[in-house]
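These notes concern the structure reproduced below.
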Amino acid sequence: MNQKTEKSKTITNKTPVNQPAVNKSATAKDEQQTKILPVDKSVRRLESHPSIQEAASMLRNGEVVAFPTETVYGLGADALSDAAINKIYLAKGRPADNPLIVHLSDRDQISEYVTSVSEKARRLMKAFWPGPLTLVLEHSGKLSAQVTANLSTVAVRIPDHPVALALITAANRPIAAPSANTSGRPSPTAAAHVYDDLKGRIPAIVDGGVTGVGVESTVVDCTADQVMILRPGGITKEAIEAVVGEVTIDPALAQRTGTATSVAPKSPGMKYTHYAPDAPLVLIDGGVAFFQDQVTKAMNTGKKTGVLVSAELDDYIQADKKVIVGSRENLSTVAGALYESLRAFKANEVDIIFSEVFPETELGVAIMNRLYKAAGNQMISEQK
Ligand code: TXA
Ligand code: MG
């Protein structure tokens, strides 16, 4: 039995990725060189930074550009232009029925794009913008219909990241941006992840370093009086309820099985498999002995095993490759490192990955939502 343990680092990639060489594998006629535009997010007057200026002019000219937000990197395009928005769907291989989030830099801009903002929606904006909360509201018809996938509603947010805000302001456009990964892959929390997925498919990536929150924004439906969470994310249900009182959760999110009788989620994106690492992932709900048992059994059948565990389990679990995802004591460290950790297992290194589970409260709700999706709902429980 191979007991060699390779420990991968938690997020350390603070340096911008290097300017890549010309992509030698470029053969298809739509392949292009992907330019890296570095920017230090702490400098003053970011709007006039050459990288921001160049990216903003690309956006104004109908191009797609990846950029950092406080949650994950987004792949942005002019939300007023059908042709620009089409390029997002094409680059990501995104299903056409999955609408995009529109990013604004100023709360005053919202009245242009939605028909009305309820009192509860107003309170949520005041409490959480800029920040990882996306509101779904009835749209006014001014945005490209591709952004909203022909729905009557639009999802909007103001990101809490100086580079994102400077870029949106400099572009002087509402910017539609899904996560900047190939559809189905874990979302990117560093420019290098975007480059891995989309090199040759997009003209530029604004590299503003590693993102912070790590999981995407919470999506809430504010079209009815009862606020409903459509996707758990960076802002917790508890924090939302402290502002608007009791909220509901889309019942489709409670389903862990994709059976024929299942209810369709109200957020189209939630029905797709997502965040999948390079090897099958299985969640382990049980004690450390039970966890190690599952890994050992797989090793004994000749499989190369990977484990995704918190720092607290480090001493107890051995596998061919081990990635430490943060601390159970502080779930924001787990959220911050989750996608990078899923990306750390390469297909040629492991045949199967086992992951610890986390308590489904506060940020743990978003973490477990992503882990269930990444695992295609595969879980082994100790207690029956
Ligand atoms: O943190 C985030 O939200 C990141 C950054 C880049 O802002 N963006 C992001 O976008 O996660 P994306 O496209 O990966 O996820 C958007 C989610 C999808 O599940 C989509 O179906 C949902 O929002 N959505 C968009 N418009 C909607 C609408 N009108 N009604 C319901 N759900 C909507
Ligand atoms: Mg996404």
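A few comments on the model shown:
- Test for Val213: is it within 10 Å of ligand 1 (Cβ to nearest atom) and either assigned by TED's automatic domain parsing to the domain that holds Ser332 or farther than 21 Å from Asn61 by Cβ (or both): yes
- Within this structure, Asp278 fails the test of being among the acidic types (Asp, Glu), in a helix (DSSP H, G or I) and either in the same structural domain as Asp97 (by TED's automatic domain parsing) or away from ligand 2 (no atom under 16 Å from the Cβ) (or both).
- The set of residues in the stretch 69-86 being over 19 Å from the mean Cα position of the chain (by Cα) and not in a strand (DSSP E or B) consists of Ala79, Leu80, Ser81, Asp82, Ala83, Ala84, Asn86.
- Listed by first and then second residue, the pairs linking a residue in the stretch 359-384 that is free of Cβ contacts under 8 Å to residues at least 40 places away in the same chain to a residue that is surrounded by fewer than 17 Cβ atoms within 10 Å (Cβ to Cβ), with Cβ atoms under 7 Å apart and 6 or more places separating them unless they lie on different chains, are Met368/Glu360.
- Test: residue in the stretch 325-332 that is closer than 25 Å to Gly212 by Cα, outside the structural domain of Pro95 (by TED's automatic domain parsing), within 16 Å of ligand 1 (Cβ to nearest atom) and surrounded by fewer than 20 Cβ atoms within 10 Å (Cβ to Cβ): yes
- The stretch 98-171 holds no strands (runs of 3 or more DSSP E) entirely within its bounds that carry 3 or more residues that are closer than 23 Å to Asn86 by Cβ, touching a Phe, Trp or Tyr at 6+ places or on another chain (Cβ under 7 Å) and not assigned by TED's automatic domain parsing to the domain that holds Leu46.
- Verdict on Ser51 being assigned to a helix (DSSP H, G or I), touching a strand residue (DSSP E or B) at 6+ places or on another chain (Cβ under 8 Å), modelled with pLDDT of 95 or more and of a type in the set (Ser, Thr, Tyr): yes
- When the stretch 67-100 is filtered for residues that are aromatic (Phe, Trp, Tyr) and surrounded by fewer than 22 Cβ atoms within 10 Å (Cβ to Cβ), only Tyr89 remains.
- Contact annotation: no residue pair with Cβ atoms under 8 Å, 6 or more positions apart or on different chains, pairs a residue in the stretch 265-291 that is more than 14 Å from Gln378 (Cα to Cα) and β-branched (Val, Ile, Thr) with a partner that is within 14 Å of ligand 1 (Cβ to nearest atom) and assigned to a loop (DSSP other than H, G, I, E, B).
- Criterion violated by Pro232 - all others in (1) closer than 20 Å to Thr273 by Cβ; (2) in the same structural domain as Pro132 (by TED's automatic domain parsing); (3) crowded, with 24+ Cβ neighbours inside 10 Å satisfied: (2)
- Some residue of the stretch 358-369 being hydroxyl-bearing (Ser, Thr, Tyr) and exposed (fewer than 15 other Cβ atoms within 10 Å of the Cβ): yes
- Among the residues of the stretch 332-374, those that are over 13 Å from the mean Cα position of the chain (by Cα) and of a type in the set (D, E, K, R) comprise Lys346, Glu349, Asp351, Glu356, Glu360, Glu362.
- Restricting the first member to the stretch 47-75 and to residues that are at positive phi, and the second to residues that are crowded, with 16+ Cβ neighbours inside 10 Å and not basic (Lys, Arg), the beta-carbon pairs closer than 6 Å and six or more apart or on different chains are Gly62/Ser81; Gly62/Ala84.
- Taken over the stretch 157-191, the criterion of being of a type in the set (A, V, I, L, M) and away from ligand 2 (no atom under 16 Å from the Cβ) is satisfied by Ile158, Val163, Leu165, Ala166, Leu167, Ile168, Ala170, Ala171, Ala191.
- Within this structure, Val194 passes the test of being within 16 Å of ligand 2 (Cβ to nearest atom) and in a helix (DSSP H, G or I).
- Failed condition for Leu308, given (1) buried (at least 21 other Cβ atoms within 10 Å of the Cβ); (2) in a helix (DSSP H, G or I); (3) at pLDDT 95 or above: (2)
Residue-by-condition table, conditions (1) over 30 Å from Asp225 (Cβ atoms); (2) more than 16 Å from ligand 2 (Cβ to nearest atom); (3) of a type in the set (A, V, I, L, M, F, W, C):
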| position | (1), (2), (3) |
| --- | --- |
| Asn61 | yes, yes, no |
| Ala66 | yes, no, yes |
| Ala77 | yes, no, yes |
| Leu80 | yes, yes, yes |
| Asn86 | yes, yes, no |
| Thr115 | no, yes, no |
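The values are calculated or read from the model by the stated rules, or taken from the named source; none is laboratory data. Note that this is a predicted model, so its numbers are computed, not measured. A quick note on method: Cβ atoms are made from the backbone with ideal geometry, for glycine too, and the neighbour counts reach across all protein chains shown.
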